[in-house]
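*Asks:* Below: one structure in structure tokens.
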Amino acid sequence: MSRFHDLFGTTKPVIAMVHFGALPGAPLHDAEAGLDGLVAGAHADLDALQAAGVDAVMFGNENDRPYELEVDVASTAAMAYVIGRVAERVTVPFGVNVLWDPQATMALAAATGASFAREIFTGLYASDMGLWAPDAGKAIRYRNRLGRSDLVTLYNVSAEFAGSLDPRPLAERARSAVFSAVPDAVLVSGQITGEAAKMEDLEAVKAALPDVPVLANTGVKHDTVADVFAIADGCIVGSALKVDGDTWKPVDADRARDFMAKAKSAR
């Protein structure tokens, strides 16, 4: 747990999402607003989240729907550009996630100086994007070739928008991933962005991995964070902090402050 705890400096950290608008080339990209629009949106969300007292932020391309398993180089480059434009405003540890491409995520982390990265690194899934077969060995070796062996890795072991083709129970897959692929933390998700992980899944994975940080990756809300923190070692939150709790809207500063007050009380 030491790398994880050393990075976040608190028990049960809240990692808040800065969701970029759709990037150039993505079907939902706002060409009129362009890169300046992406920077402005990231600025506003970042400032609101940090003012609310979140423990860390993570930059991600949640709006790049339909998702890809191998992203265009331009997507990674655009994310690096936006992060570079807002970097001087970041006062907490930050991470990155390029959906759903571990190699691109590692490249982005190296280019921007991110402290941590989230991805689907292990497993085999039938997904909305087709057959999904990530390669942790390739991704982690790439991280090290880029000189970022210090990069903390968060392994999502229950992929969103997908079903595992591995017949083993989730807790067994998580335990095996820790043994074979050495993550710094394990994440448990619901089926879709903004939907909660099942509490029984969190409980089973944490019971199987008592000495490894296990975080709730999706769907944590104001009225559930205390229950989640009774089991998990932290959470990643996006939708609950947005206007009307809507994933695709900007961060609501009041909702973010209220969430952090509840999270701090719970931990």
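*Asks:* Which one of these does Gly238 not meet: (1) more than 23 Å from Val152 (Cβ to Cβ); (2) touching a strand residue (DSSP E or B) at 6+ places or on another chain (Cβ under 7 Å)?
*Replies:* (1)
*Asks:* Do the conditions hold for Ser75, that is, is it polar (S, T, N, Q) and out of contact with any Leu (no Cβ under 8 Å at 6 or more places or on another chain)? Break it down stepwise before answering.
*Replies:* On the way: polar (S, T, N, Q): yes; out of contact with any Leu (no Cβ under 8 Å at 6 or more places or on another chain): no.
In short, no.
*Asks:* Also: Of the residues Val186, Val228, which is of a type outside the set (D, E, K, R), under 19 Å from the mean Cα position of the chain (by Cα), assigned to a helix (DSSP H, G or I) and closer than 24 Å to Val18 by Cβ?
*Replies:* Working: Val186 fails: assigned to a helix (DSSP H, G or I).
Answer to the selection: Val228.
*Asks:* Also, I was wondering about something else. Among the residues of segment 2-20, are any farther than 30 Å from Leu209 by Cα and within 18 Å of the chain's Cα centre (by Cα)? Write out each step before concluding.
*Replies:* Of all residues in segment 2-20, those farther than 30 Å from Leu209 by Cα come to 20.
Checking which are within 18 Å of the chain's Cα centre (by Cα) leaves us with 20.
There is at least one residue in segment 2-20 that is farther than 30 Å from Leu209 by Cα and within 18 Å of the chain's Cα centre (by Cα).
*Asks:* Please work out if Ala42 is buried (at least 22 other Cβ atoms within 10 Å of the Cβ), at negative phi and under 17 Å from the mean Cα position of the chain (by Cα). I'd like the intermediate steps shown before the answer.
*Replies:* On the way: buried (at least 22 other Cβ atoms within 10 Å of the Cβ): yes; at negative phi: yes; under 17 Å from the mean Cα position of the chain (by Cα): yes.
Considered against the rule, which asks whether it is buried (at least 22 other Cβ atoms within 10 Å of the Cβ), at negative phi and under 17 Å from the mean Cα position of the chain (by Cα), Ala42 comes out as yes.
*Asks:* Looking at segment 1-42 only, could you name the residues that are under 15 Å from Ala80 (Cα atoms) and in contact with a Lys or Arg (Cβ under 7 Å, 6 or more places away or on another chain)?
*Replies:* Within segment 1-42, Val39 is the sole residue that qualifies.
*Asks:* Helices (runs of 4 or more DSSP H) wholly in segment 25-139 with at least 2 residues that are of a type in the set (Asp, Glu) and touching a residue at least 40 places away in the same chain (Cβ under 8 Å) - which ones?
*Replies:* On the way: elements: 34-52, 73-86, 102-112.
Counting at least 2 such residues, we get 34-52.
No value in this document is a laboratory result; all are computed from the given coordinates. Everything numeric in this text was worked out from a predicted model, so none of it was measured. All Cβ positions, glycine included, derive from the backbone under ideal geometry; neighbour counts span all protein chains shown.
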